[in-house]
Amino acid sequence: MPPATGSTKKTTTSTTSKTSGKTSSGALKKGKKKIAAAPLKSKVESKKLVNPLYEKRAKNFGIGQDIQPKRDLTRFVKWPQYVRVQRQRSVLLKRLKVPPPINQFT
């Protein structure tokens, strides 16, 4: 009979340690959930903090605030060298035709 009581003690201690391990792991999981919930609350608080210097304005494309029309950007294109040379030549030839006294203040 004494060996039987000893074996029951071992089983009871092993079951209590298993149950205590389960409860502690269950408590850790619950604790992790609480810890994970805390940053979500802090993120919500950070969204509430809005800098008053930056105002949120909706875009208005009504009359007078419309998108700007497309502009002619051919002047800003990098043209080939032969095109640039012939344009510069025409400008220089036109300047030669202007009399010197008129070209004095330009």
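Each reported figure results from applying straightforward, stated rules to the coordinates on display, with no laboratory input. Because the structure is predicted, anything quoted here is derived from the model rather than measured. Here the Cβ positions follow ideal geometry from the backbone for every residue, glycine too, while neighbour counts run over all protein chains shown.
Within the set of other residues whose C-beta is less than 13 Å from the C-beta of Val77, count the net charge using Lys and Arg as +1 and Asp and Glu as -1.
Numbers: positive: Arg71, Arg75, Lys78, Arg84, Arg87; negative: Asp72.
Charge balance near Val77 sits at +4.
For the stretch 61-106, which trypsin sites (Lys or Arg not before Pro) are in a loop by DSSP, counting at most 13 other Cβ atoms within 10 Å? List each step's numbers first, then the result.
On the way: sites: Lys70, Arg71, Arg75, Lys78, Arg84, Arg87, Arg89, Lys94, Arg95, Lys97; in loops: Lys70, Arg71, Lys78.
Taking the stretch 61-106 and a limit of 13 other Cβ atoms within 10 Å, the loop trypsin sites (Lys or Arg not before Pro) found are Lys70, Arg71, Lys78.
If I model a spin label at Ile63 and Arg84 as a point 7 Å from the Cα along the Cα→Cβ vector, what separation in nanometres do I get?
Taking the two extended label points, one gets 4.7 nm.
Using each residue's phi in the stretch 71-76, evaluate 6.51 cos²θ - 1.76 cosθ + 1.60 at θ = phi - 60° and report the 3J(HN,Hα) Karplus result to the nearest Hz, with x for Gly and Pro.
Running phi through 6.51 cos²θ - 1.76 cosθ + 1.60 with θ = phi - 60° gives 10, 7, 9, 5, 5, 9 Hz.
What spacing in nm lies between the two simple spin-label points modelled at Leu49 and Arg71, each 7 Å away from Cα in the Cβ direction?
It works out to 4.1 nm between the two label points.
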